[in-house]
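Participant: Pasting a structure below so you can have a look.
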Amino acid sequence: MTAPLLSVKNLKKYFPVRKGVLSRVVAQVKAVDDMSFDLAPGETLGLVGESGCGKTTAGRSILRLIEPTSGEVTFDDKPVTGVGSTELRRLRREMQIIFQDPYASLNPRMSVADIVGEGLKVHGIAKGRKDLEERVAALLEKVRLDPAYVNRYPHEFSGGQRQRIGIARALSLDPKFIVCDEAVSALDVSIQAQIINLLMDLRDELGLSYLFVAHDLSVVQHISHRVAVMYLGRIVEIANTTTVFEAPKHPYTKSLLSAVPRADPEAKIDRVILSGDVPSPMNPPPGCTFHTRCPVAFDLCKVEEPPMRDMGDGHEYRCHLEPADAPGI
């Protein structure tokens, strides 16, 4: 077994809710609640789930762009949580992020040369102006942009071109791990395909590992080696991509897959229609947090948190029902 590049254990991120004149904490929004997984070198893990389930918060907590409430994150055998700013700065060179919105993530007052070259300056990698210009030009070529664009500003580019600039910025420090936070969701479908293919080519060329946060299951299926399904701050199923899409075990995973549109209008789909709305992460249900919407829930689900069942070969799911006992799963 290859040692994991990234290891996340019992990660939690709670946001306090304050009320009153004294701003007392009256509740906690449990955005990420006890998340654990490993990521191997060169692997892409797709992180999927409904909007508001905690995917983006998880990615940013792992990088400590927001401070996690508790839990441990280890990167390349080095702790990420609990270390000071000096050590964290060194780790920043190896862990980067590509943001969702290419229109909001680039400073409109900075040229492409400044945006892509900023990390090279901050970390003292570029030796002089000529070296900086050459490195920025090489990065633009790597993401398939014309190096002549270096003196242009973000408003002069399309959404797809802006996202390529964001990718070049993430690559500038030669990282090993990148969080792709809904990196293609704001783009047209044809442009999405180009960016996904670019990310896959870069992964194969540079040996990158991705945490690919998305809600589009077809995109996740195309790029990911493994898939983790989140519901209300927790991973409810994780397995290799083929297993998740062809033999899901958790009823929530099955409901997500049944909602994916099919190109063939004659295709027969066993729709799993969930009742009710997603509960508030400020007041999650007791027991299994999915029991209020689950079509196969029973009494135990309402009072006892389900275990994470290990099916072997890296396939785990969080449910009280054994696969053979679960109708419709």
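The numbers here are math on the coordinates, done by the rules we state, and not lab data. Predicted model only: the values in this text are computed from it and were never measured. Cβ: placed from backbone, ideal geometry, glycine included. Neighbour counts: every protein chain shown.
Participant: By how many nm would the segment from I273 to S190 grow when fully extended, if each residue of separation counts as 0.36 nm and the alpha-carbon distance is taken off?
Facilitator: Extra length from I273 to S190 when fully extended: 26.9 nm.
Participant: Let me ask another. Please give the charge dipole size of the chain, origin at the Cα centre, charges +1 on K and R Cβ atoms and -1 on D and E Cβ atoms. Round to the nearest 20 debye.
Facilitator: The calculated dipole for the chain is roughly 1260 debye.
Participant: If amide hydrogens are placed 1.01 Å from N in the peptide plane, which non-local residues have theirs closer than 5 Å to the one on D216?
Facilitator: none
Participant: If neighbour count is taken as other Cβ atoms inside 10 Å, put D33, D76 in order from fewest to most.
Facilitator: With the fewest neighbours first, D33, D76 line up as D76, D33.
Participant: Gain in length, V260 to S158, computed as 0.36 nm per residue apart minus the alpha-carbon separation, to one decimal in nm?
Facilitator: Here the answer is 33.9 nm.
Participant: GNM, the chain, Cα, under 10 Å: largest mean-square fluctuation among R293, R318, R262?
Facilitator: Fluctuation is largest for R262.
Participant: Averaging sequence separations of C-alpha pairs under 8 Å and six or more residues apart, then dividing by the length of the chain, give the relative contact order as a whole percent.
Facilitator: 19
Participant: To continue, here is another question. What is the extension gain from E304 to R92, computed as 0.36 nm multiplied by their sequence separation minus the C-alpha to C-alpha distance, in nm to one decimal?
Facilitator: 72.3 nm
Participant: Given the peptides 295-307, 78-90, 230-242, 132-144, arrange them by the average over their residues of other C-beta atoms within 10 Å, most packed first. Mind dumping the intermediate values first?
Facilitator: Working: 295-307: 14.2, 78-90: 12.6, 230-242: 22.2, 132-144: 17.5.
Highest mean packing first, the order is 230-242, 132-144, 295-307, 78-90.
Participant: When every alpha-carbon pair in the range 149-294 is counted, what percent end up more than 21 Å apart?
Facilitator: In whole percent, the share of Cα-Cα pairs in the range 149-294 beyond 21 Å is 56.
Participant: Same structure again: Please work out the FRET efficiency for the pair D174 and D216, using the Cβ-Cβ distance as r and a Förster radius of 41 Å; give the result to the nearest 0.05. If you can, show how the numbers build up before the last one.
Facilitator: On the way: r = 29 Å, r/R0 = 0.70.
So the FRET efficiency works out to roughly 0.90.
Participant: Run the reach check for K9 against aspartates and glutamates, Cα to Cα strictly under 13 Å, same-chain hits fewer than 8 apart removed. What comes back?
Facilitator: Excluding near neighbours in sequence, the set is D33, D34, D38, E72.
Participant: Sort 270-277, 94-101 by the packing proxy (mean of other Cβ within 10 Å over each peptide's residues), most packed first.
Facilitator: 94-101, 270-277
Participant: Please compute one quarter of the surface area of the Cα convex hull for the chain and express it in square nanometres. Working shown, then result.
Facilitator: On the way: hull surface 79.9 nm².
Taking a quarter of the hull surface, the average projection is 20.0 nm².
Participant: When the dipole is taken about the Cα centre of the range 110-166, and only Lys, Arg (+1) and Asp, Glu (-1) are charged at their Cβ, what size is it in debye, to the nearest 20?
Facilitator: Numbers: 10 positive and 8 negative charges, 22 e Å.
Here the range 110-166 has a charge dipole of around 100 debye.
Participant: Separate question: Evaluate the Kirkwood expression for the hydrodynamic radius of the range 102-195, namely the inverse of the mean inverse distance over all pairs of different C-alpha atoms, and round to one decimal in Å. Write down the numbers at each step before the final one.
Facilitator: Numbers: mean 1/r = 0.0741 Å⁻¹.
Averaging 1/r across every pair of different Cα atoms and inverting gives 13.5 Å.
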